[in-house]
Each structure stands twice: as structure tokens, then as C-alpha cells.
1. Arrange the following residues from fewest to most other Cβ atoms within 10 Å of their Cβ: VAL37, VAL8.
2. Order by neighbour count: ARG10, ARG63, fewest other Cβ atoms within 10 Å first, most last.
3. Please work out the C-alpha center-to-center distance from the range 229-252 to the range 18-84 and express it in whole Å.
4. Check cross-link reach from LYS7 to the lysines: straight Cα distance under 23 Å, and skip same-chain residues fewer than eight apart.
5. Can you tell me how much longer the chain between ILE276 and ASN165 gets when fully stretched, taken as 0.36 nm per residue apart minus their C-alpha distance, in nm with one decimal?
6. May I ask you to derive the relative contact order of the range 1-85, considering only C-alpha pairs under 8 Å and at least 6 residues apart, and to give it as an integer percent?
7. Can you give the relative contact order of the range 198-291 as a percent, counting alpha carbon pairs under 8 Å and 6+ residues apart?
8. For the range 250-264, take each phi angle, set θ = phi - 60°, evaluate the Karplus expression 6.51 cos²θ - 1.76 cosθ + 1.60, and give the result in whole Hz per residue in order, putting x for glycine and proline.
Amino acid sequence: MEPRNVKVYRSDELIQAGTTLHIFSQTNETRHMPTHVHDFIEIIYITDGWGEEFINGNTYRVRHGDLLFINYGSTHAFVPGESFSFINICFKPEVLSESVITPENAFSVLQLTAFEEIQQESDEDGCVSFRGAERDEAETLLYAMQREYTEQKHSWKTVLKSYMNVLIALILRKLTSGDDVAEDGDIWEALSAYIDSNLEFDLTLQSLAGKCFYNPSYFSRAFKKKFNMSLTEYLNRKKIARAMELARQTNLSDEEICRRTGFSYKSSFYRVFQRISGMTFAEYKKSKTDQ
């Protein structure tokens, strides 16, 4: 499902100034939503009927009680089925309290939509299902949030932010209560693979931590504990290894190798290359030619 035109929604156009989220609902008159993308996070909770959601090339058949967590930058659309209704919450990451994302549940967030590559290969990836009493609890909370947002009584922003953190806590509790939660080692391996595939892009501490909703300081400590080096050093070593591979296997210019390994300036690339490899880039290329 790849329409030619992809609609772009921006938080500064949709989320009211001075707030961190926007809530709306759609009844069973909901029509097909064409493929779109946005710079905020979106939660879709199905309140009735069924439909099909298309997220980053994956298809999810959802029904009453299902909740989809769609990260910013994800390409998605939906086709409503019979009596399809939902509540939609669009929000910025800063609405979440640091007390909600903890060392105990932080890796579970990655099972939502932080990185497509990290999702487990199952039909439930990115979708949380509430049934029975849990569904009643979730819907009571969601309807209370919708009411606060609509009526905007005194202190409604504070109340709404508190409700939002409770909702995220419920989602995380669902993720951590099952037997199929990914092990920490699996998550780190997938994160490493993600980095390998995206070396040319912005992979700073802030961008990676923000993408998976970690507190940057916690992410930095956890990363260093796992890999025995800082994220910056890890990225530099990965980039230099890639540069060596490109120098061996291609005839690319220094400028192109810099670009493909995420360096903005050749001077920075040359300096890091010499520090890590023990030789200049020119010496390395010559040594490969002499072999």
C-alpha cells in the first residue's frame, strides 16, 4: 500500500500551543485515512468494530480493545471495517514523566515502535490488546482523558498529563507481564544492528535516546555498561570499520566515504581514523593497494 503522495502532519499545526498532546475520536462513520507521516507520537485505541492499519509496510487487523503505538516518522494509513471507531492521542515525548520509563521497563518500550528492526517477528508487534476488566480500565481512562481535553476545566493540562502517564504505565505493564517479552540481550543486539544500518544518519546520544523514549543519562550509562565504551566511541569504531570496508571493496572518493560513514567533515574523519586505526587514511589505502 504505497500511494504516490504522503500527507505530512506537524505537531506545531495539530498540537495546541502550550500543551503537549491532542485528542480526538472518530465514530463508525470513519473513512479511509490515506498514507501519512508526522513528527509526533500517536496512540490509536479501537473503541468499536474492526479495521486494518498499515504501518511501515506491515498490516495489522485490529478490533475493539486493541491499541496501536505509532512512533514519529512512521508511515501509516488505515482502512476502516465494520463499525470502526477509535480514540486518537497525538503527543510529544516530553509529556512522559521520567518515573514512568524506568530501568525495569525501558527495554519494553522498544517493543512498540521505537525501531522497526527491533520489533519481534509476530503479528502483535506494535499492538497491545486489552480484554475483559483490563479493557474496561483502559477505556475508563481514555474517556476521562477525552473529557478533560474537551472541557478544559481548571488545571486540565496537569490532570491530562497525569492520565497520560498512567496510560503509558498500563501499556508497559501489559508488555512486561507476558512470557514473550524480548530479553535485554536481544534488544541490544537489535539496536547494534540498527546502528550498523544507519551509520550515515544522525546517531547522537540525544537522537537515539529520544527515539526510544529513554532519559539520555540512563541510556548512556546502560549503553556503556553493555558495550564497555561510550556511545560516541562505539559509533566511531563502527564508522571506521565501515570506512575500511569501503576503502577495500570500492573506489569511492574520500568525500563519499566520509558521507557514507556519517562524518560531516573530512578533517574529523581523518583524525578519528588515525586515532582508532593507528595510521592515516592515505596510509591505509596505500597498504591495501600494495597487497
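Every number here is computed from the coordinates shown, using simple stated rules; none is lab data. Quick caveat: nothing in here was measured; it's all calculated off a predicted structure. Positions of Cβ are generated from backbone atoms using ideal geometry, with glycine treated the same way; all protein chains shown enter the neighbour counts.
1. Numbers: VAL37 15, VAL8 10.
Sorted ascending by nearby Cβ count, the order is VAL8, VAL37.
2. Numbers: ARG10 10, ARG63 13.
With the sparsest Cβ surroundings first, the list reads ARG10, ARG63.
3. Spelled out, the Cα-based centre of one part sits 39 Å from the other.
4. Correct list for LYS7: LYS92, LYS211.
5. Values: separation 111, 0.36 × 111 = 39.96 nm, distance 4.34 nm.
Here the segment from ILE276 to ASN165 would lengthen by 35.6 nm.
6. This gives 35 percent for the range 1-85.
7. Values: 66 pairs, mean separation 24.0, N = 94.
In percent, rounded to a whole number, it is 26.
8. 9, 10, 5, 6, 4, 4, 5, 5, 4, 4, 6, 10, x, 9, 7
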